[in-house]
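Novice: Before I ask anything, let me first share the structure, which is written out below as structure tokens.
The values are calculated or read from the model by the stated rules, or taken from the named source; none is laboratory data. Keep in mind that what you see is a predicted model, and the values were worked out from it rather than measured. Using ideal geometry, Cβ is built from the backbone for each residue, glycine included, and neighbour counts are taken over all protein chains shown. When the accessible area is computed, the model is the full protein with side chains, heavy atoms only, and any ligands, DNA or RNA have been set aside. Shrake-Rupley method; radii C 1.70, N 1.55, O 1.52, S 1.80 Å.
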Amino acid sequence: MIYAGLDLGGTKCAAVLAEVNGEAITFLDRREVPTQGTWRDVMAPLLDFLKGHALAGCGVSCGGPLDSRAGVILNPPNLMSFENVPIVQVVQEALGCPARLQNDADACALAEWRFGAGRGTQNMIFLTFGTGLGAGLILNGQLYVGARNLAGEVGHIRLASDGPEGYRKRGSFEGFCSGGGIAQLIGMRTGETYTAKELARRADSNDPQALAVWEEIGTQFGRGLAVLVDILNPEAVVAGSIYTRAHRFLYEPAMRALREEALPESLAGFRLLPAELGDSIGDYAAIAIGT
């Protein structure tokens, strides 16, 4: 069956076509446009690209806030013109197939669960660990979104009384485990200004200061994971973006903190995994929503 996917981001938006057969997926075609102009300006070429195909469904992935049940994009800060857009209705009328909307963290959780590192699990947490820190929750074999579609806002958890700021809170999980938060932590610990990518480069050269910063990040990451593991008892946590690129520095301190903080019974069989789908995760995520 042929499915469509729309991945809406602040810099660029993409439409993809894929053939899905169970857990096997074959991408057929793709179009990308810059996120410029009104939402209608952005959507028109993407919907035109998808028209003319016999589609079984279409998934739409974008940053929140949004109302997945009503199919409405509310007011995401990185998609300024997409305010109160009934995107599911727009897509269904244009393509003549069922459509579904989901926030990007939940969509990526579905993608890694069905097609990536979380295959075969029934209880899995996906952590974005990128520009921010959000979670998608797969519980008992289903995506869990909560009463107001806000489940998974784990970045707001406070891990320390002070520290880098994320999610409008100093010392938060997002403060220690996101690109912006790591840049702040680098400045606090080294007095310099550079990114997580440069921190990894320096650590690969055995820079002791860089290694110490990664150790601190990994320790706080593990403490945050311990909260999730004790509450939700997942089989696996799959982390993307920065963790995927830098897990060689983060895995050991994170697991050490996890063993110190979490219940041993909750860690039996637990796995901490880097995401598998890489830079294509947005395409997989959009398709996963619609299937």
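Novice: Along region 8-25, what does the Karplus equation 6.51 cos²θ - 1.76 cosθ + 1.60 (θ = phi - 60°) give for ³J(HN,Hα), rounded to whole Hz, x for Gly and Pro?
Specialist: Computed from phi, the couplings for region 8-25 are 9, x, x, 9, 8, 10, 9, 10, 10, 10, 8, 9, 10, 10, x, 9, 9, 9 Hz.
Novice: Hey, can you grab everything whose amide H is under 5 Å from the amide H of residue 166? Only 5+ residues off in sequence or another chain; H modelled, so Pro and N-termini drop out.
Specialist: Result for residue 166 returns 171, 172, 175.
Novice: Which whole number in µm²/s is D for region 1-141 by Stokes-Einstein, with the Kirkwood Rh taken over Cα pairs at 4 °C and 1.567 mPa s?
Specialist: Values: Rh = 15.5 Å.
Answer from the Stokes-Einstein relation: 83 µm²/s.
Novice: Near residue 102, within a Cβ-to-Cβ distance under 12 Å, what is the net charge of the other residues, with Lys and Arg +1 and Asp and Glu -1?
Specialist: -2
Novice: Going by average Cβ density within 10 Å per residue, which order do the peptides 68-76, 210-218 take, highest to lowest?
Specialist: Listed from highest to lowest mean packing, they are 210-218, 68-76.
Novice: Additional query: Between region 224-277 and region 40-117, what's the alpha-carbon centroid distance in Å?
Specialist: Centre-to-centre distance over Cα atoms comes out at 30 Å.
Novice: Taking θ as phi - 60°, what are the ³J(HN,Hα) couplings along region 51-56 by the Karplus curve (6.51, -1.76, 1.60), each to the nearest whole Hz, with x for Gly and Pro?
Specialist: Per-residue couplings from phi come out as 5, x, 10, 7, 9, 7 Hz.
Novice: Would you mind telling me the antiparallel percentage of the DSSP bridges in the chain, rounded to 5? Kindly include the intermediate steps, with their values, before the conclusion.
Specialist: On the way: 30 of 49 bridges.
If I count the DSSP bridges inside the chain, around 60 percent turn out antiparallel.
Novice: Something else about it: Within the set of other residues whose C-beta is less than 12 Å from the C-beta of residue 258, count the net charge using Lys and Arg as +1 and Asp and Glu as -1.
Specialist: On the way: positive: 223, 256, 259, 271; negative: 230, 252, 260, 261.
It works out to a net charge of 0.
Novice: Per residue of region 109-116, in order, report the coupling 6.51 cos²θ - 1.76 cosθ + 1.60 (Karplus, θ = phi - 60°) as ³J(HN,Hα) in whole Hz, putting x for Gly and Pro.
Specialist: Working through the residues one at a time gives 4, 4, 5, 5, 5, 7, 10, x Hz.
Novice: So who's got an amide H within less than 5 Å of the one on residue 271, skipping anything under 5 residues away but keeping other chains? H placed 1.01 Å off N, in plane.
Specialist: Those lying under 5 Å, H to H, from residue 271 are 236, 237.
Novice: Given q = 0.07, 0.10, 0.12, 0.13 Å⁻¹, what are the Debye log10 I(q)/I(0) values for the chain, with equal point scatterers placed on the Cα positions and solvent ignored?
Specialist: Summing over Cα pairs of the chain leads to -0.27, -0.54, -0.77, -0.89.
Novice: I've got another one for you. Measure off, as a whole percent, the carbon and sulfur share of the 1.4 Å-probe accessible area of region 198-275, all protein chains present.
Specialist: Answer for region 198-275: carbon and sulfur cover 51 percent of the accessible area.
Novice: Something else now. Under a no-solvent Debye model with one identical scatterer per Cα of region 124-238, what's log10 I(q)/I(0) at q = 0.13, 0.19 Å⁻¹?
Specialist: The Debye formula, applied to the Cα set alone, gives -0.51, -0.96.
Novice: On to the next question. For region 40-82, just the Cα atoms, rotate onto the principal axes and tell me the three extents in Å, largest first.
Specialist: 32, 24, 13
Novice: Here's a follow-up. For residue 64, enumerate residues with amide H under 5 Å from its amide H, sequence gap 5+ or separate chain, H modeled in the peptide plane.
Specialist: For residue 64, whose amide H was placed from the backbone, the distant partners under 5 Å are 104.
Novice: For residue 273, what charge total do you get from the other residues with a beta carbon under 13 Å from its beta carbon, if Lys and Arg give +1 and Asp and Glu give -1?
Specialist: Details: positive: 119, 271; negative: 112, 235, 276.
That works out to -1.
Novice: For the peptides 135-145, 55-65, what is the packing order when you average, over each peptide's residues, the other Cβ atoms within 10 Å and list the highest mean first?
Specialist: 55-65, 135-145
Novice: Oh, and also: Which percent, nearest 5, of DSSP beta bridges in region 1-148 are antiparallel?
Specialist: 70 percent
Novice: Right, something else. Roughly how many Å² is the accessible area per residue of region 70-138, as a whole number, for a 1.4 Å probe?
Specialist: 36 Å²
Novice: Size of region 160-291 along its principal axes in angstrom, Cα-based, largest extent first?
Specialist: Principal axes ranked by extent give 46, 36, 32 Å for the Cα atoms.
Novice: Turning to a different aspect of this structure: With the chain treated as a Gaussian network of Cα nodes joined by springs under 10 Å, which of 35, 195, 26 yields the largest mean-square fluctuation?
Specialist: Highest fluctuation among the options: 26.
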